[in-house]
């Protein structure tokens, strides 16, 4: 991956370093289970390490960890198997998977769908469909129903490749849109992030009869500014 501003220069991982990272994923999942959590989700999207191995835009290796789509998938496969060995066969194991990168020379949708096709064999129980690396992973100004569910086309393709439960994220704001996706069968569950930063009790409000969409406008003012701490909605429209 390109060097992060202010960070150390990247280097190509050695075989020993890769094997240690795979083992570390397994140990981390074991700690999650021991701590009493109901399940664990791997992050395989948005430029994080699993996504870096899967994507030809970042994986320039020519050994057994890269050079072809099959070898680029190997890291995810090994991580999934290590986690499953650690937590056992009955513990819920999910993945948030970027199945299209939206960057030059990045993971194509066909390649992403091929990954989805293998997930059940690797011990995964469900997959959350996402896309994009860095700034391409979320969109601003989701203001109308037609702006919502911007990864729905990718989810429809993933649905053809697996019987695993699908979770869809990406601009979910209104009940009507979410219900139509579930009724269609393109996804089995809906995932939201930024709306719950602004309105943590939003699902309960909908359960109690609210029909208005989420107040979040995807302004992306969730991140702390200089001298601030923590994720919170910092939009000037809060309280309006």
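Residues in the stretch 23-46 that are assigned to a loop (DSSP other than H, G, I, E, B) and touching a residue at least 24 places away in the same chain (Cβ under 8 Å): 4 in all. Comparison of 217, 164 shows that the only residue that is surrounded by 14 or more Cβ atoms within 10 Å (Cβ to Cβ), in contact with a helix residue (DSSP H, G or I) (Cβ under 6 Å, 6 or more places away or on another chain), in a loop (DSSP other than H, G, I, E, B) and in contact (Cβ under 8 Å) with a residue 12 or more places away in the chain is 164.
Residue by residue, here is whether (1) more than 27 Å from residue 131 (Cβ to Cβ); (2) modelled with pLDDT under 95; (3) within 22 Å of the chain's Cα centre (by Cα) holds:
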{"residue": "9", "(1), (2), (3)": "yes, yes, no"}
{"residue": "12", "(1), (2), (3)": "no, yes, no"}
{"residue": "23", "(1), (2), (3)": "yes, no, yes"}
{"residue": "29", "(1), (2), (3)": "no, no, yes"}
{"residue": "35", "(1), (2), (3)": "yes, no, no"}
{"residue": "38", "(1), (2), (3)": "no, no, yes"}
{"residue": "43", "(1), (2), (3)": "no, no, yes"}
{"residue": "50", "(1), (2), (3)": "no, no, yes"}
{"residue": "54", "(1), (2), (3)": "no, no, yes"}
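Selection within the stretch 224-240: residues that are modelled with pLDDT under 85 and surrounded by 11 or more Cβ atoms within 10 Å (Cβ to Cβ). The member of this set that is nearest to residue 140 (Cα to Cα) is 235. A count restricted to the stretch 42-53 and to residues that are within 17 Å of residue 123 (Cβ to Cβ) and either touching a helix residue (DSSP H, G or I) at 6+ places or on another chain (Cβ under 6 Å) or surrounded by fewer than 19 Cβ atoms within 10 Å (Cβ to Cβ) (or both) stands at 3. Checked against (1) on the phi > 0 side of the Ramachandran plot; (2) crowded, with 22+ Cβ neighbours inside 10 Å, residue 185 meets all criteria but (2). Among the residues of the stretch 107-119, some residue qualifies, meaning at least one is part of a loop (DSSP other than H, G, I, E, B) and crowded, with 24+ Cβ neighbours inside 10 Å. Being assigned to a helix (DSSP H, G or I) and in contact with a strand residue (DSSP E or B) (Cβ under 9 Å, 6 or more places away or on another chain) is the filter; apply it to the stretch 126-156 and report the residue that is surrounded by the fewest Cβ atoms within 10 Å (Cβ to Cβ). The qualifying residue surrounded by the fewest Cβ atoms within 10 Å (Cβ to Cβ) is 152. Quick check on the stretch 58-90: of everything there that is surrounded by 18 or more Cβ atoms within 10 Å (Cβ to Cβ) and out of contact with any helix residue (DSSP H, G or I) (no Cβ under 7 Å at 6 or more places or on another chain), which residue is nearest to residue 21 (Cα to Cα)? Only one residue tops the list, namely 74.
One residue stands out among those in the stretch 183-201 that are part of a loop (DSSP other than H, G, I, E, B) and out of contact with any strand residue (DSSP E or B) (no Cβ under 8 Å at 6 or more places or on another chain): the one that is modelled with the lowest pLDDT, which is 193.
The values are calculated or read from the model by the stated rules, or taken from the named source; none is laboratory data. If you're wondering where the values come from, they're calculated on a predicted model, not measured in any experiment. So basically every Cβ, Gly included, is an ideal-geometry build from the backbone, and we count neighbours across all protein chains shown.
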